[in-house]
Amino acid sequence: MALLRDPLLNKGTAFTEAERDALGLRGFLPAHVLSMKDQVERVLTNLRSLPTDLEKYIALNSLHDRNEALFFRVVCDNIDEIQPLIYTPTVGLACQRFGLIFQRPRGMFISANDRGRIAELLANWPYPAKLIVVTDGERILGLGDLGAHGMGIPVGKLSLYSACAGIRPEYCLPVMLDVGTNNEDFLNDPYYIGLRQKRLSGVAYDELVDEFITAARGTFPGVLIQFEDFANHSAFRLLHKYRDKINVFNDDIQGTAAVALAGLFSALRVSGGKLADQKVLFLGAGEAATGIADLVVSAMMAEGVSEAEALRRTWLVDSRGLVVKNRAGVTDHKLRYAHDHAPIGDFLTAIETLRPTAIIGVAAAGGAFTPEVLQAMARINDRPIVFALSNPTSKAECSAEEAYRHTGGRALFACGSPYDPVKLDGKTFVPRQGNNSYIFPGVGLGAIASGSRLVTDEMFMAAAHTLAYLVNDADIQQGSLYPALPRIREVSAHIAVAVAEVAYRRGLATTPAPNDLMAFVQSQMYDPHY
């Protein structure tokens, strides 16, 4: 019975006749032995009969809790269909309803009440974790403070690590740092599963995070820690505090930056010119925007321009308008992009004034790329670069259809949520997500395989170049700036090699360099099968 209740070991109806005899399973299972292929087809048949994406999410979550190998086989073989169900956009709705749909715990919930004994809690985890994704739930996607319900994000991210890069499920530990929530709806929700108190802040918050980091590294030596969906005021501070000391990164800042930069490199294969010649205008000035901007500036400098010139080509618009020097109250992470310029209050006027070649939406401002904005970009540029990267779909700055229609099919478009192909004037465009799942799984795999002591910006730059290189001519011809999602494990392997090469070159690796790095990386990748 223990085998049937352990998702890492359970095969369900696929246990063979011999296994049923040897393992004491006789009588617990129906007589017919199914192959894994049969099981996958049955799962898909049931899944496709469900009426809503949330019900499909719940069904997949239940499968994950019963049979990990079958769950990941379904995901790997049907990634286009399943990824939007286990991650964006469906995971946003799942987090909003998390208390209502909660079935079995996955990962660890560490609350503010656990101060002083976090190491004791982590010691309860039965597996040798090599990768932790941790959130405090304060800024879940574009949905805001969801408190403990944000646990759906680390669970979903780690599912993608296993499916997309082959990190073994038992090495993956989702963690919710439950420090309370300022979401009044949740504080009054009878089904809210977290601490019913206002958020911890200040010194007490920092001490809790520091205790967690220390305990995690003590319990799981060499563990890679990914910060996920922390609010801006915590995300930048925590990343800067730990990034040069331990094996940690923030996917919202660094992973988003790499995938966006890769998209820009792909777009320039169509529009021509160098990155250093572009002018990029961001709608948004939070962790995603400044993370992308920082990596874009570094990439421009790598093409030979000065830092000052690269910065002059990079602009931010936030909720108060264009970020400029003479504006009061510009926060630290925006200061680098606060230029000498007259104030501009709205995004469209900023476009007309600055005449950017690319606009990148990361503000979770649904519909902000209006027809007028898109038409202005098309008037200024022969091939306007338009990235609407906010998710879930309700927060997207524009849809794929709007981007193509209002630019006469000339937009070089990437999105944060999935969209169907668009037919316009006899041509079919296939938009692809600028989804971090192209980047973070491979980065994690490369860091773990090499035993890297740090995860550096150079690694994310290498990941961006690698991802762009893997976009083929057929992708480009149909308007796709990223590879097809079914190639994700190939993409992750190549990115892992690029990341590991940086680790070995910079003396950060703690494992011996193999003769064949690609073969070594591929040998580390979990393949879900019986």
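The values are calculated or read from the model by the stated rules, or taken from the named source; none is laboratory data. Values in this document were obtained by computation on a predicted structure and should not be read as measured data. Here the Cβ is made from the backbone with ideal geometry for all residues, glycine too, and neighbour counts use every protein chain on show. Note: areas computed on protein heavy atoms with side chains; ligands, DNA, RNA excluded. Shrake-Rupley method; radii C 1.70, N 1.55, O 1.52, S 1.80 Å.
If you go through the stretch 113-157 and keep only what is surrounded by 18 or more Cβ atoms within 10 Å (Cβ to Cβ), part of a helix (DSSP H, G or I) and not charged (D, E, K, R), you end up with Ile118, Leu122, Gly147, Ala148, His149, Gly150, Met151, Gly152, Ile153, Pro154, Val155, Gly156. When Arg327, Arg336 are screened for being assigned to a helix (DSSP H, G or I), charged (D, E, K, R) and out of contact with any His (no Cβ under 9 Å at 6 or more places or on another chain), only Arg336 passes. Among the residues of the stretch 24-32, not a single one is charged (D, E, K, R) and under 19 Å from Pro486 (Cβ atoms). Number of residues in the stretch 493-508 that are open to solvent by 30 Å² or more (accessible area, probe 1.4 Å) and in a loop (DSSP other than H, G, I, E, B) equals 2. Name the residues in the stretch 467-492 that are out of contact with any Cys (no Cβ under 7 Å at 6 or more places or on another chain), closer than 10 Å to Ala165 by Cα and surrounded by fewer than 22 Cβ atoms within 10 Å (Cβ to Cβ), would you? Glu490, the sole residue that qualifies. Residues that are more than 21 Å from the chain's Cα centre (by Cα) and assigned to a loop (DSSP other than H, G, I, E, B) within the stretch 420-429 comprise Pro421, Asp425, Gly426, listed in sequence order. When the residues of the stretch 81-108 are narrowed to those that are aliphatic (A, V, I, L, M) and in contact with a Phe, Trp or Tyr (Cβ under 9 Å, 6 or more places away or on another chain), which ends up surrounded by the fewest Cβ atoms within 10 Å (Cβ to Cβ)? So the residue we want is Leu100.
Within the option set Val373, Val386, being closer than 17 Å to Leu412 by Cβ, open to solvent by less than 20 Å² (accessible area, probe 1.4 Å) and assigned to a helix (DSSP H, G or I) holds for one residue only, Val373. Among the residues of the stretch 30-49, those that are in a helix (DSSP H, G or I) and surrounded by 13 or more Cβ atoms within 10 Å (Cβ to Cβ) comprise Met36, Asp38, Gln39, Val40, Glu41, Arg42, Val43, Leu44, Leu47. Filtered by the rule that a residue be touching a residue at least 60 places away in the same chain (Cβ under 8 Å) and farther than 16 Å from Val422 by Cα, the stretch 467-481 gives Leu467, Ala468, Val471.
Quick one: is Ala396 in contact with a helix residue (DSSP H, G or I) (Cβ under 8 Å, 6 or more places away or on another chain) and buried (at least 24 other Cβ atoms within 10 Å of the Cβ)? For Ala396, the condition - in contact with a helix residue (DSSP H, G or I) (Cβ under 8 Å, 6 or more places away or on another chain) and buried (at least 24 other Cβ atoms within 10 Å of the Cβ) - is not met. The residues listed here are Thr511, Thr428; of these, the one that is out of contact with any Asp or Glu (no Cβ under 9 Å at 6 or more places or on another chain), in contact (Cβ under 8 Å) with a residue 24 or more places away in the chain and surrounded by fewer than 14 Cβ atoms within 10 Å (Cβ to Cβ) is Thr428.
Summed over the stretch 233-245, residues that are at pLDDT below 95 and under 16 Å from the mean Cα position of the chain (by Cα) total 0.
Annotation: Ala59 fulfils all but one of (1) more than 30 Å from Ile193 (Cα to Cα); (2) open to solvent by 10 Å² or more (accessible area, probe 1.4 Å); the unmet one is (1).
Of everything in the stretch 321-344 that is charged (D, E, K, R) and either touching a residue at least 24 places away in the same chain (Cβ under 8 Å) or in contact with a helix residue (DSSP H, G or I) (Cβ under 9 Å, 6 or more places away or on another chain) (or both), the residue that is least open to solvent (accessible area, probe 1.4 Å) is Lys334. Would you check if Ala368 is of a type in the set (A, V, I, L, M), under 27 Å from the mean Cα position of the chain (by Cα), at pLDDT 95 or above and buried (at least 24 other Cβ atoms within 10 Å of the Cβ)? For Ala368, the condition - of a type in the set (A, V, I, L, M), under 27 Å from the mean Cα position of the chain (by Cα), at pLDDT 95 or above and buried (at least 24 other Cβ atoms within 10 Å of the Cβ) - is not met.
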